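Report on the following structure.
The values are calculated or read from the model by the stated rules, or taken from the named source; none is laboratory data. These figures come from a predicted structure and were not determined experimentally. Cβ coordinates were reconstructed from backbone atoms using ideal geometry, including for glycine residues, and neighbour counts include every protein chain displayed. Only protein heavy atoms, including side chains, enter the accessible area calculation; ligands, DNA and RNA are left aside. Shrake-Rupley method; radii C 1.70, N 1.55, O 1.52, S 1.80 Å.
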Amino acid sequence: MSVFGVYGVKDAAQTVYFGLHALQHRGQEGAGLATFEPDGSCLHHRGLGLAGEVLSQSELARHHGTIAIGSTKYANAAQSGLDNVQPLFFRHKSGDFAIAGEGKLINSDQLYDYLENRGCIFHTGTDSEILANLIKKESAGKRIDYLIRALNMMEGGFTFVIMTRNRIYACRDKYGIHPLAIARLGEGYVISSETCAFDLTGASFIRDVEPGEIVCIDDNGIRSNLYSHFQKHKVCAMEYIYIARPDSDIDGCNVHAFRKESGRRLALECPCPDADIVVGVPDSGLSAAFGYAEQSGIPYEMGLVKNRYVARTFIQPSQAMRERGVQMKLSAVRSIVGGKKLVLVDDSIVRGTTCLKIVKLLRNAGAREVHVRIASPMMTYPCYYGVDTPTRKELLSSKRSLEESCKAIEADSLGYLSREATVASAAGCSELCLACFGGGYPTALYKHETEE
Ligand code: AMP
Ligand code: SF4
């Protein structure tokens, strides 16, 4: 999922369109846009599909406001369909507002109970609706004060952009699990889940939103409020490993540089002597494969090519679609891999479906040996902060030894990067959340604690 916001920019909707286009890799199930128009009304439009399909030029032409927010949504079984596409729009006597959010609250069940017991009725499964209801519950005082109180009731990994008629609030959870950054565009401002969207919109990066911070943007410029004095950087390691685009910087650390360094360290920790070539899995394994090749001195070769017109496989909701997706997405290059002992580098293994398919593809194309090297540690726990990983029992390595995992993906050998080397690849950046790679969740887990 992604969030994007624009303040004080002519034709803000057009800028949202470009922003969401650059953030498309964070979700392809749906996209949405909301603008406050010069007459004070809120125009919002959401749809299923890619941002370019949902936000047609004719739709964009209806929007004339200089303030807008938008979002893209990925497909997950629990909250699919148009109802859950954001931004959501809310009416309130203190002023209408729209919210787009990403990530996941870990205490949403407790907050549903709390709010439903006070008469709230929910239409969606989104955390944005929980936030809106926490805000709406309060009727006195300044909006920033009740936003601070609401955010203090929310635990998890989240970012929100909240748009009122004359202001945007950008909020990041107190661990900074998911990224959020601000940039300058002309006289106005842009807020984005990832910095890669700034280039396309012509905006210049100012800074990241800090953990526990609410950045308020209006005609007076930018103001910062901390909603919590508890602040601890625990940036999602999977953002660096897989989710974010390589040209994005998260908390001052470039994603490609992280991945390349992790590949270099992988070559040191899990060497593959006498291999003929290194092959990276497009796209998210490529940066690590370059690092592996550079460090090991084994030549990099393009043994796999990608069909550019297929969306990311994981984002397809069902297993059947996912399995078909791998074959639609990748082909092995017979003339390159035939007869070779190769090192196959990928960013991560979740269920193992993708990796098994790729190993088979390479063998069918004549590869002699396939040695799999993964530029992240064994994934053994689910994520509760909005990264759509499956339950423990579906994770390839949660209950299997390294040898058993290797057998399951039919590789000649398998090696994972250590947690220590993953942390070291982010040297100079913020501290990482690595909970899905062996535990250590930064927040309390509520009911999830007992889950096996
Ligand atoms: P699989 O092991 O078949 O479940 O898929 C793993 C592949 O999907 C990895 O190589 C990544 O490129 C990608 N991936 C890893 N983690 C995730 C995630 N949380 N969401 C979506 N895709 C992922
Ligand atoms: Fe990211 Fe894993 Fe932490 Fe979830 S548990 S936030 S996927 S590192």
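Summary table
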| read-out | value |
| --- | --- |
| FRET efficiency estimate (nearest 0.05) - Cβ-Cβ, Val333 to Tyr309, R0 25 angstrom | 0.85 |
| Surface per residue (accessible, 1.4 Å probe) for segment 158-221, Å² | 27 |
| Amide N of segment 369-393 lying under 11 Å from the label point, which is placed 7 angstrom from the Cα of Lys399 along Cα→Cβ | 392-393 |
| Fraction of alpha-carbon pairs over 24 Å apart in segment 109-200 - percent | 28 |
| Solvent-accessible area per residue, Å², over segment 318-414 with all protein chains present [probe radius 1.4 Å] | 42 |
| Solvent exposure of segment 271-312 as accessible area per residue, Å², 1.4 Å probe | 48 |
| Candidate lysines - alpha carbon under 27 Å from Lys341, same-chain residues fewer than 8 apart omitted | Lys260, Lys306, Lys329, Lys357, Lys360, Lys407 |
| Rg ratio (alpha-carbon, reference 2.2 N^0.38 Å) - segment 351-397 | 1.41 |
| Burial order of peptide ranges 192-200, 335-343 (average beta-carbon count within 10 Å, highest first) | 192-200, 335-343 |
| Distance between segment 224-279 and segment 149-208 - C-alpha centres, whole angstrom | 21 |
| Burial ranking of peptide ranges 425-433, 56-64, 402-410 (average Cβ count within 10 Å, highest at the top) | 425-433, 402-410, 56-64 |
| Over the chain: helical MRE at 222 nm, DSSP H runs n ≥ 4 each giving -39500 (n - 2.57), nearest 500 | -7500 deg cm²/dmol |
| Distance (nanometres) between label positions extended 7 Å along Cα→Cβ at Ser94 and Phe230 | 2.3 |
| Under 14 Å, Cβ to Cβ, from Pro38 - net charge with Lys/Arg +1 and Asp/Glu -1 | 0 |
| Charged-residue dipole, Cβ positions (Lys, Arg, Asp, Glu), the chain about Cα centre, Debye nearest 20 | 540 |
| Taking only Cα atoms of segment 151-230, radius of gyration then Dmax in Å | 12.3, 36 |
| FRET efficiency estimate (nearest 0.05) - Cβ-Cβ, Lys10 to Arg368, R0 51 angstrom | 0.30 |
| Options Cys429, Ile349, Gly188, ranked by Cα towards positive dipole end of the chain, top entry (Cβ charges) | Ile349 |
| Rh (Kirkwood; distinct C-alpha pairs) - segment 45-147, Å | 15.3 |
| Two-decimal Rg/Rh across the chain, once Rg and the Kirkwood Rh are taken from alpha-carbon atoms | 0.99 |
| Rotationally averaged projected area of segment 328-452 (alpha carbon convex hull; nm²) | 9.0 |
| The chain, accessible surface, carbon-and-sulfur percent (1.4 angstrom probe) | 50 |
